[in-house]
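Read through the structure below, which is laid out as structure tokens, and then see the notes.
The values are calculated or read from the model by the stated rules, or taken from the named source; none is laboratory data. Not measured: the values here are computed from a predicted model. We place every Cβ from the backbone using ideal geometry, glycine too, and count neighbours over all the protein chains shown. For accessibility, only protein heavy atoms count, side chains too; no ligands or nucleic acids. Shrake-Rupley method; radii C 1.70, N 1.55, O 1.52, S 1.80 Å.
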Amino acid sequence: MYVLAKQAIYDKRGNVAFWEVFVQDATTGKYPEDIDPLKATTIAVDLLVELGAYRVGEGKIVFVNVPAIFLEASMFDLLSPEYVGIELVENKNITTQTYNAIELLLKRGFKFCIDDFGFERIDYLPLLSKAHFVKIDIKNSPYNWEELKEVIAIVKSLKKSVIAKNIETEEDYKRAKEYGFDYFQGSYLSPPTLVKDTRTISYFKSTILELYKALTEGDMKRIVSVLERDVGAAYKLLKFANSALFPRVKKLSSLEEAVVYLGFDNIAKFAIVLALSEMFAKGDERKYLERALYRACLAEKLAEIYSPNLKAKAHTVGLFSLSQEIFGQRPENLTLELGLDKDIVEAFEKKDTELGFILSLVELLEDTQNPEILDKIARILKTSPDVVKSIIESAKKESMAITQELA
């Protein structure tokens, strides 16, 4: 399993100046040998969007390792330059498009750092003028200490700050300070710490295609409809809407409110992240997603005859009712984290509310054909057992049709 880790970068006074985030193998604590750098970057960016860069970096800039070619994607549109920096790695085959992408990101205010810098690396030199920082691995540098001192002096004369990485001992730290480094990173100062395991949220593959179609047509209602069918995509969108990029006062009561609040441009950016994260449902995960969709359809149909004004909220409650199984989080905690309104949170807290009652009906009816239960629920809803049966069958057919369409 992979984890997202972060490590502090300190200034000369010993204060945390920045953070670096990167993917590690959970067992070895090292960079996974079997993962493509583009995939590692996608995971890191995806989780920064989900968790919020401000929270991960505790208000400091968080540097993400990024192959230069990755900058041509639009993934950084979802991240604030106030809290995110770009650490360029593997800078081979840089194209005109890459340079243009860097220029755009610089104009937006992103800070750039060149990793494993050395003047013998010809591919780095064209990027040096654009960088704010360069990072040098003091354990694997091609220079001896005296040569390194000259390199640092040249780089600093170009108005670039220099970061010493891989500081493992007190001697490393003292020498790095003596030789003029501005910032310091390594296990001697602080080891990497866990941010989150990368068990990210699954969703149906065709959701992306449906979302793009709806965006192309400018159809807001269809965007909502697509997201309401897919608990994984809905979760990611609500996390995005609840991030520090979008401060708001009012709690969201439905996916429709979140979509309207974000607007087409931000939904399009969200769709890009969804496409690049490449994590689609399979196996048991798919079964939970299908079951969550069935619950959402059932909750909405029950609300239609019990309390029609709660249809949208009932759908949301049904959709997230299996969050423990899908996300590993209790529903009441997850809905608080997503910034959903009080009615939805209280339904999961089992409080005596209309939404809470609808959720309890869903849990009772999900797998039962017990005539006594059907009869009791029918009396509460002031309808007949046959109507209750038809609601169950209708919810099953609707959710099955949707999952087949999204397969």
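Being within 30 Å of Ser157 (Cα to Cα), surrounded by fewer than 20 Cβ atoms within 10 Å (Cβ to Cβ) and either aromatic (Phe, Trp, Tyr) or modelled with pLDDT under 75 (or both) is the filter here, so list the residues in region 184-213 that pass it. Passing the criteria: only Tyr188. Which members of region 1-11 meet the condition of being under 20 Å from Gly59 (Cβ atoms) and either open to solvent by 30 Å² or more (accessible area, probe 1.4 Å) or among the polar types (S, T, N, Q) (or both)? Correct list: Gln7, Tyr10. Among the residues of region 325-348, those identified as modelled with pLDDT under 85 and under 18 Å from Tyr294 (Cα atoms) are Glu325, Ile326, Phe327. Condition check for Gly180 on (1) surrounded by 17 or more Cβ atoms within 10 Å (Cβ to Cβ); (2) in a loop (DSSP other than H, G, I, E, B): one failure, at (1).
Among the residues of region 46-82, those identified as open to solvent by less than 10 Å² (accessible area, probe 1.4 Å), within 19 Å of Asp265 (Cβ to Cβ) and not in a loop (DSSP other than H, G, I, E, B) are Met75, Phe76, Leu78.
Answer yes or no as to whether Tyr288 is assigned to a helix (DSSP H, G or I), at pLDDT 85 or above and of a type in the set (Phe, Trp, Tyr).
So Tyr288 fails the test.
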